[in-house]
Amino acid sequence: MNLSYWEIKSWLTNVDYTIVGSGIVGLNCALALKNKFPKANILILEKGFLPQGASTKNAGFACFGSLSEILDDLKTHTKSDLLQLIIQRKEGLKQLRDSLGDTKIGYKALGGYELFSVKDNTLFEECLSKKEQINQLLKPIFKTNVFSLKPNSFKFKNIKENYIFNQFEGQIDTGKMMEALLKKAQENGIKILNNIIVEAFSEDLNTVKIKTNQFEFKTSKLLIATNGFALQLINENVKPARAQVLISKPIKNLHIKGTFHLNKGYYYFRNIDNRILLGGGRHLDFKTEETTKMFQTDLIQNKLEALLKTTILPNFPFEIEHRWSGIMGVGNQKKPIVKQLSNNVFCGIRLGGMGVAIGSTIGIQLAKLLD
Ligand SMILES: Cc1cc2nc3c(=O)[nH]c(=O)nc-3n(C[C@H](O)[C@H](O)[C@H](O)COP(=O)(O)OP(=O)(O)OC[C@H]3O[C@@H](n4cnc5c(N)ncnc54)[C@H](O)[C@@H]3O)c2cc1C
C-alpha cells in the first residue's frame, strides 16, 4: 500500500520522538515528554489494536510486595536496593493516582492479604518471625506498621487460621486506568498508531530510521517501551514471562473484598464487579511460560480452577466466564532497565509483576533521559 502525501506529511514527517509500545510506560513517557517539550511531535507505535502486552491484561493490584515476597527479595537484593524498589513502588502508585484521579482508575483501598497453605508451616513461621523486623525496616517509608495479623474472616479453606494483612494495598480497575491514560495522551496531542509492528531500526548521527510492517520513516529519537517483547528489538537482560488469568461470572452475595496473595505471590486473586479474578501458576511450568505467545495452558488453567474450588470459593457455586494471558518482562533483578542505548535510542523495560505500581514513574524516568 502506498501512503498518501497527506498521511506522510501529517503523521510521519518531522517526528521528534517515537515511542514503541502504548502500555503504561510508553504512554507515561509520551505525556512526560509532551510536558517537557510542548511543541514536540510525538508518535507512539503499537502492535495491537489495543495495548497488547501487560498493561490491559493485569490483575490491577496496587501493591508493593507481600511480606513473603519482600523476604524472598532480600535473598537476592541488598537491603538498600530493596528499600529503593519499595519507595519507587509507593511513589509510583501515588503518581498514578495523582495524575489520573482515583475515580478514573477505580481505585479502592481495600487492603491486601497474604494467605498461607495449611501445609506451608516453614514459610508461615518465617513470615511471622520476621514480621516485626520488616515493619521496622519499612517504618521510615510508611511511618507506621505495614503488616499485621488478621483472622480468616473470608472463610478460605485449607489455609492457616491467620492471614498477614497489608493496610496500604489497594486495587484499581485496569481497563478504566488504561482508558483514562490513552484519553489523556490523545488530549495532549500525542499521536498513537495501532496495528503497527516495529520490526527494526538503524541509526545515523541525528536520526533513527524505523522499519515497520506497514511503512518506513525517520525520527529524531526512539524510545523503546516494549517490556516483555524487548528482545525482539534490543539485546538487554529481560525475558518474557507469560501470566495467565481467569475470571468468574458474577457471584451473588460475594463476601470477599481485597487483593490476595498466595504461595509467595505465585497465585493472586481479588474481587471485581462481584466476581473473583484469579491469576498465576507460572511456577508450575516456568519454561513454557517464558514466551510472548498469548495463550492459556490446561496445566495452569486447571490448577487455577482447582484453587477456586478447594480454597477460595469452597462453599460457593461459581462458573468461569473468561480466561486470558498477558506478557510481563522479567530478569534476575527486579530493578527495571531505564537507559540510553546509543546516541538517539533509549529504553524503559523489565517492569516485572509491579508495573501498575512503577509504570508511571518508569515512563517519566525514561522521558527524563532526554534533554
Ligand atoms: C496477567 C498479569 C497480571 C499482572 N498483575 C499485576 C498487578 O496486579 N499489579 C502490578 O503492579 N502489575 C501487574 N502486572 C504487571 C504489569 O501489568 C506490567 O508490569 C506493566 O503493565 C508493564 O507495562 P509496560 O508499559 O512496560 O509494558 P506493556 O504493557 O507490555 O506494553 C508494551 C507494549 O509494547 C507493544 N509492543 C511490543 N513489541 C512491539 C513492537 N515491535 N512494535 C510495536 N509495539 C510493540 C505491546 O503490544 C505492548 O502494548 C501483571 C501482568 C500480567 C501479564
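No lab work stands behind these numbers, since they all come straight from the coordinates. The structure presented is a predicted model; accordingly, all values stated were derived computationally and were not measured. Cβ: placed from backbone, ideal geometry, glycine included. Neighbour counts: every protein chain shown.
Give me the pairs, please: first residue somewhere in the range 120-143 and closer than 14 Å to SER66 by Cβ, second residue anywhere and in a helix (DSSP H, G or I) and β-branched (Val, Ile, Thr), beta-carbon distance under 8 Å, and either six or more positions apart or on two chains.
Note: pairs meeting the criteria are ILE134/ILE70; LEU138/ILE86.
So which of LEU50, LEU43, LEU27 ends up being in contact with a Lys or Arg (Cβ under 7 Å, 6 or more places away or on another chain), within 13 Å of the ligand (Cβ to nearest atom) and within 24 Å of CYS347 (Cβ to Cβ)?
Within the list LEU50, LEU43, LEU27, the selection yields LEU43.
Limited to the range 70-126, what total is found for residues that are aliphatic (A, V, I, L, M), in contact with a Ser or Thr (Cβ under 6 Å, 6 or more places away or on another chain) and within 17 Å of LEU138 (Cβ to Cβ)?
The total comes to 0.
Quick check on GLY21: is it on the phi > 0 side of the Ramachandran plot and not β-branched (Val, Ile, Thr)?
Yes: the conditions hold for GLY21.
Please verify whether GLY265 is crowded, with 22+ Cβ neighbours inside 10 Å, within 11 Å of the ligand (Cβ to nearest atom) and touching a residue at least 60 places away in the same chain (Cβ under 8 Å), treating the condition exactly as stated.
no
Any idea how many residues of the range 337-353 are assigned to a helix (DSSP H, G or I) and either away from the ligand (no atom under 15 Å from the Cβ) or surrounded by fewer than 22 Cβ atoms within 10 Å (Cβ to Cβ) (or both)?
Within the range 337-353, residues that are assigned to a helix (DSSP H, G or I) and either away from the ligand (no atom under 15 Å from the Cβ) or surrounded by fewer than 22 Cβ atoms within 10 Å (Cβ to Cβ) (or both) number 1.
Going by what's in this entry, would ASN58 be described as among the polar types (S, T, N, Q) and either closer than 25 Å to LYS335 by Cα or surrounded by 15 or more Cβ atoms within 10 Å (Cβ to Cβ) (or both)?
Yes; evaluated as a whole, the condition is true for this residue.
Yes/no per residue for (1) surrounded by fewer than 18 Cβ atoms within 10 Å (Cβ to Cβ); (2) more than 28 Å from ILE276 (Cβ to Cβ); (3) more than 23 Å from the chain's Cα centre (by Cα):
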| site | (1), (2), (3) |
| --- | --- |
| ILE24 | no, no, no |
| LEU43 | no, yes, no |
| ALA54 | no, no, no |
| CYS63 | no, no, no |
| ASP81 | yes, yes, no |
| LEU85 | no, yes, no |
| GLY101 | yes, no, no |
| LEU110 | yes, no, no |
| SER117 | yes, no, yes |
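Only one residue in ILE364, ILE358 is assigned to a helix (DSSP H, G or I), closer than 25 Å to VAL208 by Cα and either away from the ligand (no atom under 16 Å from the Cβ) or touching a residue at least 12 places away in the same chain (Cβ under 8 Å) (or both), so which one is that?
Exactly one of ILE364, ILE358 is assigned to a helix (DSSP H, G or I), closer than 25 Å to VAL208 by Cα and either away from the ligand (no atom under 16 Å from the Cβ) or touching a residue at least 12 places away in the same chain (Cβ under 8 Å) (or both), namely ILE364.
Within the range 68-79, count every residue that is hydrophobic (A, V, I, L, M, F, W, C) and under 19 Å from the mean Cα position of the chain (by Cα).
1
Listed here are the residues, each with its yes/no results for (1) in contact with a Pro (Cβ under 8 Å, 6 or more places away or on another chain); (2) free of Cβ contacts under 8 Å to residues at least 24 places away in the same chain; (3) more than 30 Å from PHE124 (Cβ to Cβ); (4) among the basic types (Lys, Arg).
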{"site": "THR219", "(1), (2), (3), (4)": "no, no, yes, no"}
{"site": "ALA230", "(1), (2), (3), (4)": "no, no, yes, no"}
{"site": "ALA241", "(1), (2), (3), (4)": "no, no, no, no"}
{"site": "LEU246", "(1), (2), (3), (4)": "no, no, no, no"}
{"site": "ARG275", "(1), (2), (3), (4)": "yes, no, no, yes"}
{"site": "HIS283", "(1), (2), (3), (4)": "no, yes, no, no"}
{"site": "PHE295", "(1), (2), (3), (4)": "no, no, yes, no"}
{"site": "ASN302", "(1), (2), (3), (4)": "no, yes, no, no"}
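Just to confirm my filter: which strands (runs of 3 or more DSSP E) fall fully inside the range 146-260 and include at least 3 residues that are surrounded by 19 or more Cβ atoms within 10 Å (Cβ to Cβ) and of a type outside the set (A, V, I, L, M, F, W, C)?
Ranges flagged: 239-248.
Of the residues that sit in the range 53-65 and are part of a loop (DSSP other than H, G, I, E, B), in contact with a Leu (Cβ under 9 Å, 6 or more places away or on another chain) and closer than 16 Å to SER360 by Cβ, which one is farthest from the ligand (Cβ to nearest atom)?
PHE64
Determine, yes or no, whether SER68 is polar (S, T, N, Q), part of a helix (DSSP H, G or I) and touching a residue at least 24 places away in the same chain (Cβ under 8 Å). Outline the logic, then answer.
Details: polar (S, T, N, Q): yes; part of a helix (DSSP H, G or I): yes; touching a residue at least 24 places away in the same chain (Cβ under 8 Å): yes.
Answer is yes for this residue.
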